[in-house]
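Enquirer: Take a look at the following structure, please.
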Amino acid sequence: MRQQLHELSLRENNFTYIPPEILCLTQLTSLSLASNRIHDIPEGTLSQLPNLQWLSLSNNHLTRLPKDLAKCHRLKGLDIHSNEFQSMPKVIFELKHLEVLLIQRNRIQKMPAEYAFPNKLNTLNLGFNGLDQVPRTLIDNPPKHLAHLYLSGNPLQRLAHDFLQQPDQHLVSLDLHTCMLSEIPSTFFTRPAVRRLRRLNLAINQLQHIPNEIGLLEDLEWLNLNDNRLDQLPVAIGNLTRLVKLGLVQNRLTSLPSRMFSRMQRLQKLDIRRNQLAFFPASILALAPLSEAATVEEVGVPLAVFHIQPQSTCPPTCPVATENGGSLRTLLFYENPAMDHSTGVICNDKSLLPFDRAHTLLDQSAPLPCPEQNLSLREIALRVLLSTQKMSPTITCLEHLPEKYTRMVDMFPSTRRTFLEKMVSQQIPERLRNYIMQDDTRQCDHCGQWYTDSSFQIGYLARLCMERVRVPIRFSVCSRSCALNAVVQLHNASKGWRSSTLPVLEDLTEDNLQEIPPPQTRQTGTHTQTHAQIYIYIYI
């Protein structure tokens, strides 16, 4: 029996010492004495179990470890969390094969810089101790195989300027929640070790700003920014195209970047409760699975009328390629008291033409009332200049993109500024050049026209997550005519959807704006056009 027993758990008893009877079980590879009342482990005890690979002593009252623990040469995992250690036991640095060390929830405030953790260490949890700075040994001589680092619950307040600067580090997961951080320097996100992260937890801090450089973390799959003080997000967050889960709970967000979700087709869960959002950007529709786009009218219709996401036939190696349809399963956004469910044409945040009224007028072939907007000379110059320019093929993968989407450069934050710089000649007056280069310069969700100043939006209520939630959306449009054009096309698309027809609508001009093109019946199926001025309606 004693020669055959390999795993033993004596957790949640009332032991005050290690029972000597177990010392004859020399073949043990796993031993748990967690959640007992052990205060001390005498020398010569654990060394009698040379085959141990996993040892759990968590939730006891230990203040030290025996030096001869180093004789457990095969030890790979050590769990001593929730004890009373005030310093890091030096014997830990002698465990050359250690891969997992869990020492969170102790009272460690300092760590000797001259000692180095074992190179095979893969997971290190130092959370909820008393560390006021990242240990120097993790900065100067980090374990070569360290993949998961947990520093949460320590009053760090700031990150050392050289933290994670070692080029050969291969972190996968970094946990910094509840560290009293008020700032993350932009240079932090430029470091190779950080850019390779797949999981980053910055929740429960005091962050008021996230640098645009976070967009460099293109491998990130899990990002937690809950419980901070963020009032806006950087545009480059749209570059995090591999995100699966995103937490933004309990911040101060009043709006989101317009193209934030355009390429986040892998996002499955978005939690944005307890903010001050009034609506979601139109790009939220890019998260809808293809099955919903084909079966839910409040998803398929706006996807047909507006430019929401880039679609392409690019090969997998193309950096511009996106998957067909999104992956969103869970969207949580309650406790946003400013949420506005207005629909139709909205001007200066006031509803001018609700959809109900628009549908009634269009059914009666009556004109749609809507005031015009006066544009400044700079705004007119911007629109004329950018509408007459050709996009350089070096900006995006144009040879793979359908013609309809070649103009939607602002879906790619990393290339948007480069594109504008190429379009703006140095001969243009400086004031106009600065006006064009500002962050507000964007493309119309409906026609793709570049603009900066427009009072018009289209409010819409979409149904996402298998119709479980109604999501207030605002489409940004460049002009009155574009807004009315979109309303007409939404009206016809809805009628076509309900009658199982596939209307193909050309863009309306000022002359025919009040005319309603009759829907054209097509064979059942999905029909696609690549011409930039034709809009497709997907249905079953």
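Enquirer: Mind checking Rg over Rh on the stretch 111-249, alpha carbons, Kirkwood formula for Rh?
Expert: Working: Rg = 14.3 Å, Rh = 15.1 Å.
Taking Rg over the Kirkwood Rh, I get 0.94.
Enquirer: Cross-link candidates for Lys245: which lysines have Cα within less than 16 Å, leaving aside residues fewer than 8 places away along the same chain?
Expert: Lys269
Enquirer: Ranked highest first by average number of other Cβ atoms within 10 Å, how do 260-273, 92-105, 431-444 line up? Could the numbers behind the result be given before it?
Expert: Values: 260-273: 21.9, 92-105: 19.1, 431-444: 15.6.
Sorting 260-273, 92-105, 431-444 by mean packing, highest first, produces 260-273, 92-105, 431-444.
Enquirer: Taking 7 Å along the Cα-to-C-beta vector as the label spot, tell me the Glu218-Thr187 distance in nanometres, rounded to one decimal.
Expert: Label-label distance for Glu218 and Thr187, simple model: 2.4 nm.
Enquirer: What's the extension gain from Asp168 to Arg273 if we count 0.36 nm per residue and subtract their Cα-Cα distance?
Expert: Details: separation 105, 0.36 × 105 = 37.80 nm, distance 3.80 nm.
Taking Asp168 through Arg273 to full extension adds about 34.0 nm, to one decimal.
Enquirer: Roughly how many whole Å is it from the C-alpha centroid of the stretch 1-30 to that of the stretch 177-227?
Expert: 43 Å
Enquirer: Measure off, as a whole percent, the carbon and sulfur share of the 1.4 Å-probe accessible area of the stretch 43-90, all protein chains present. Display every interim value, and only then the final one.
Expert: Numbers: 910 of 1990 Å².
Ligands and nucleic acids excluded, carbon and sulfur reach 45 percent.
Enquirer: Name the lysines eligible as straight-distance cross-link partners of Lys350: C-alpha to C-alpha under 27 Å, and not fewer than 8 places from it in the same chain.
Expert: Partners within reach: Lys495.
Enquirer: Whole-Hz ³J(HN,Hα) for each residue in the stretch 266-276, computed from phi via Karplus 6.51 cos²θ - 1.76 cosθ + 1.60 with θ = phi - 60°, x for glycine and proline: what do you get?
Expert: Karplus-based 3J(HN,Hα) across the stretch 266-276 equals 9, 5, 9, 9, 10, 10, 10, 5, 6, 10, 10 Hz.
Enquirer: Which order do the peptides 226-237, 113-124 take when ranked by the mean count of other beta-carbon atoms within 10 Å per residue, highest first?
Expert: Numbers: 226-237: 19.2, 113-124: 17.3.
Descending packing order for the listed peptides: 226-237, 113-124.
Enquirer: Solvent-accessible area per residue for the stretch 181-279 at a 1.4 Å probe radius, Å²? Could you put the intermediate results ahead of the total?
Expert: Working: 3710 Å² over 99 residues.
Dividing the accessible area of the stretch 181-279 by its residue count gives 37 Å².
Enquirer: Next question. Let me check something: with ligands and nucleic acids excluded, how do His359, His73 order by accessible area (1.4 Å probe), largest to smallest?
Expert: Numbers: His359 55, His73 125 Å².
These residues rank, largest area first, as His73, His359.
Enquirer: Right, something else. Using a basic spin-label model with each label point 7 Å from the Cα along Cα→Cβ, how many nm lie between Arg195 and Asp231?
Expert: The answer from the label model is 3.2 nm.
Enquirer: Whole-Å semi-axes of the stretch 1-44's equivalent ellipsoid, largest first, each the root of 5 times a Cα gyration tensor eigenvalue? Mind dumping the intermediate values first?
Expert: On the way: eigenvalues 73, 31, 12 Å².
Value: 19, 13, 8 Å, ordered largest first.
Enquirer: Through the Karplus equation 6.51 cos²θ - 1.76 cosθ + 1.60, θ set to phi - 60°, convert the phi angles of the stretch 97-108 into ³J(HN,Hα) values in whole Hz; use x for Gly and Pro.
Expert: 9, 5, 10, 10, 10, 10, 10, 6, 6, 10, 10, 6
Enquirer: Moving on to the next point. Once the Cβ-Cβ distance between Glu43 and Glu421 is put in as r, and R0 is 56 Å, what FRET efficiency do you end up with, to the nearest 0.05?
Expert: Details: r = 69 Å, r/R0 = 1.23.
Approximately 0.20, to the nearest 0.05.
Enquirer: Sticking with this one: Using a 10 Å cut-off on Cβ atoms, rank the peptides 176-183, 16-23 from the highest mean neighbour count down.
Expert: Values: 176-183: 19.1, 16-23: 13.1.
Sorting 176-183, 16-23 by mean packing, highest first, produces 176-183, 16-23.
Enquirer: Then there's this: Given a Förster radius of 51 Å and the C-beta distance between Glu94 and Leu385 as r, what FRET efficiency does 1/(1 + (r/R0)^6) yield to the nearest 0.05? Intermediate values should be presented prior to the final figure.
Expert: Values: r = 68 Å, r/R0 = 1.34.
Taking R0 as 51 Å, the efficiency between Glu94 and Leu385 is 0.15.
Enquirer: Let me ask another. ³J(HN,Hα) across the stretch 200-216 via Karplus (A = 6.51, B = -1.76, C = 1.60, θ = phi - 60°), whole Hz, x for Gly/Pro?
Expert: Karplus values, whole Hz, x for Gly and Pro: 9, 10, 10, 6, 6, 10, 10, 6, 10, 8, 10, x, 4, 5, 4, x, 6.
Enquirer: Provide the net charge surrounding Arg442, with neighbours chosen by a C-beta distance below 10 Å and charges set as Lys +1, Arg +1, Asp -1, Glu -1.
Expert: Working: positive: Arg259, Arg416; negative: Asp410, Asp439, Asp440, Asp445.
Combined, the nearby Lys, Arg, Asp and Glu give -2.
Enquirer: Between the stretch 41-58 and the stretch 422-471, what is the separation of their alpha carbon centroids in Å?
Expert: About 64 Å separates the Cα centre of the stretch 41-58 from the one of the stretch 422-471.
Enquirer: Further question on the same structure: Once the whole set of protein chains is in place, how much accessible area is left on Trp54, using a 1.4 Å probe, in Å² to the nearest 10?
Expert: 90 Å²
Enquirer: May I pose another question? Which residues' amide hydrogens lie under 5 Å from the amide hydrogen of Val469, considering only partners 5 or more residues apart or on another chain, with H built in the peptide plane?
Expert: When sequence neighbours closer than 5 places are left aside, the close amide H contacts are Leu464.
Enquirer: Quick one: if the Förster radius is 30 Å, what FRET efficiency do Lys67 and Gln206 give, using the C-beta to C-beta distance and rounding to 0.05? Don't jump to the answer; show the numbers that get you there.
Expert: Details: r = 41 Å, r/R0 = 1.38.
It comes out at approximately 0.15.
Enquirer: Along Cα→Cβ, 7 Å out, is where each label goes; now give me the distance between the ones at Ser9 and Arg252 in nm to one decimal.
Expert: 4.7 nm
The values are calculated or read from the model by the stated rules, or taken from the named source; none is laboratory data. Treat the numbers as computed from the prediction; the structure is a model and nothing was measured. Cβ coordinates were reconstructed from backbone atoms using ideal geometry, including for glycine residues, and neighbour counts include every protein chain displayed. These area figures cover heavy atoms from the full protein model, side chains too; ligands, DNA and RNA do not enter into them. Shrake-Rupley method; radii C 1.70, N 1.55, O 1.52, S 1.80 Å.
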